[in-house]
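Peer 1: Below is a structure I'd like to ask you about.
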Amino acid sequence: MEQSDAAAVAQVRAGTPDAYRVLVERHSHSVFRLAFRMTGNEQDAEDLVQETFLRAYRQIGKFDGRASFSTWLYRIAANCSLDFIRSRQRRREQQTPVDDQGQELEVALVAADPTPDRLAFSGELKQLLAPALESLSPMERTAFVLRHYEGVCIEDIGKALGVHSGAAKHSVFRAVQKLRKALDPAVSTARS
Amino acid sequence: MKHLNEDELVLHYYGEGHDAAVEQHLQACEACRTNLESLVRVLEAMDRLEVPEPSEAYGSRVWQRVAPRLAQTRERWWAGGLAPRRLVATAAMAALLIGAFLAGRVSQRRQMAGLSAPVRERIMMVAVGEHLERSQMILVELVNNETKGTVDISGEQQRAEDLIGENRLYRQAALKSGDRAVSSVLEELERVLLEIAHSPSKLDSAEFEQVRQRIESQGILFKIRVVSSNLREREVPPPQGKASTAL
């Protein structure tokens, strides 16, 4: 019979590290999906999956069982990812002036100019999605990914990221606003 | 009539806080319905963002990588009197590496190499890769530490001190082999490890933030990831049929 998450957690806490295997194998795929949406890069996502499980293992004594293990794990994954993309952004800002970054994004979006010929729906539009997501701030991206892809309610996003729900809500709003600005013309063209 | 703003439409789309007034307005107002449709198209487009699907064995692969690090996560590695043995093993590995590279150079002239170049390189890749992984773990733990107030980094310091000696030996081996990319990252890593080892063991939040910023500003984690990734790519198995097999 398949061991439940709660039973595996109890075994790990009782000093059986091998019981952690069940949790790692069961949740790796979903943590990877979250990490990939956060980073847009497969290698970074794989590194984050490992970091998430190591951090969760270190903190497993703090898991109080009020939320499910997967919810708790997602919180850790979201925070690991947020730390990572903040750090990545700081590195990029040190290497590239902010104005240039904005210009780069603009160039990338213009380069994929969504003329009706090029956008016979999906194909070219898909290429705009990752840069659009990349244009969000780390907090906006995290809040959007949790709300849109993971179905986490805004109040829980605030709790997970340690911010007021008003701040989480604002991040989701800003994210959607930016995504609309970046994608609206392409989506409208693709539809016409 | 006051139209719905974008924030209200976003909350409506995600079903956050059901509001009958919003529903009624949408039924009555074509402009807001059109606006909502436009929002929905963009958000539905985001669903087409492609995510690579790892193989079924991915979970096992993650476990293989995570499992050896669990013990390091909860216990100090030298627990159980392992330190002397490990130091001896590291020194022996580094001596082997340095000796192997020196022998390799001589062999070009005198045919004296005890190990072939691919074997020497493979030993180097594996040893340095493991060393980088251990170092990365310390740096990641520091960067991701969420403790409020005073932070005790004595555990990380002890591990950093232990790694400094190894780092120096591997850097020398890399220098002798002419691997500039690896030696350069190891040189930077050594400076960071020294900084950590020589910091006070208990830091207030401002001091800790400075340590964290120094790690991040040098981009050392990124460089380690890049070099580790390159090392993994270079870890090619020896050609079939030539490797000696113990039966």
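Where a number appears in this text, it was derived from the coordinates with a stated rule and is not lab data. In this text the structure is predicted, and so the values were computed from the model without any measurement. Using ideal geometry, Cβ is built from the backbone for each residue, glycine included, and neighbour counts are taken over all protein chains shown.
Peer 1: Other chains near B:44-56: what is the mean number of their Cβ atoms within 10 Å of each residue's Cβ?
Peer 2: For peptide B:44-56, the averaged partner shielding equals 6.
Peer 1: Can you tell me which lysines have their Cα less than 26 Å from the Cα of B:K176? Leave out same-chain residues fewer than eight positions away.
Peer 2: B:K223
Peer 1: Sticking with this structure for a sec: Can you spot the lysines whose alpha carbon is less than 24 Å from B:K2's alpha carbon? Ignore those fewer than 8 places along the same chain.
Peer 2: Output for B:K2: A:K169, A:K178, A:K181.
Peer 1: Suppose R0 equals 60 Å. What FRET efficiency, 1/(1 + (r/R0)^6) with r the Cβ-Cβ distance, do B:R214 and B:A20 give to the nearest 0.05?
Peer 2: Approximately 0.65, to the nearest 0.05.
Peer 1: Residue separation times 0.36 nm, minus the C-alpha to C-alpha distance between A:A10 and A:Y149: what's the value?
Peer 2: 47.1 nm
Peer 1: Same structure, new question: For a label point 7 angstrom out from the Cα of A:S70 toward its Cβ, which stretches of the range A:122-157 have the backbone nitrogen within less than 14 Å?
Peer 2: What the label zone holds, given the 14 Å backbone N cut-off, is A:150-152.
Peer 1: Take B:I164 and B:S205, extend 7 Å from each Cα along the Cα→Cβ direction, and tell me the distance between the two endpoints in nm.
Peer 2: Computed distance between label sites B:I164 and B:S205 equals 3.0 nm.
Peer 1: Rounded to the nearest angstrom and ordered from largest down, what semi-axes does the equivalent ellipsoid of the range B:139-203 get from its C-alpha gyration tensor (root of 5λ)?
Peer 2: 28, 11, 8
Peer 1: Under the classification rounded if a/c is under 1.5, otherwise prolate if a/b is larger than b/c and oblate if not, where does the range A:1-95 fall, given a ≥ b ≥ c as square roots of the Cα gyration tensor eigenvalues?
Peer 2: Prolate, because a/c is 1.5 or more and a/b exceeds b/c.
Peer 1: Would you mind counting up the charge near B:S184? Only other residues with Cβ under 12 Å from its Cβ, with Lys and Arg at +1 and Asp and Glu at -1.
Peer 2: 0
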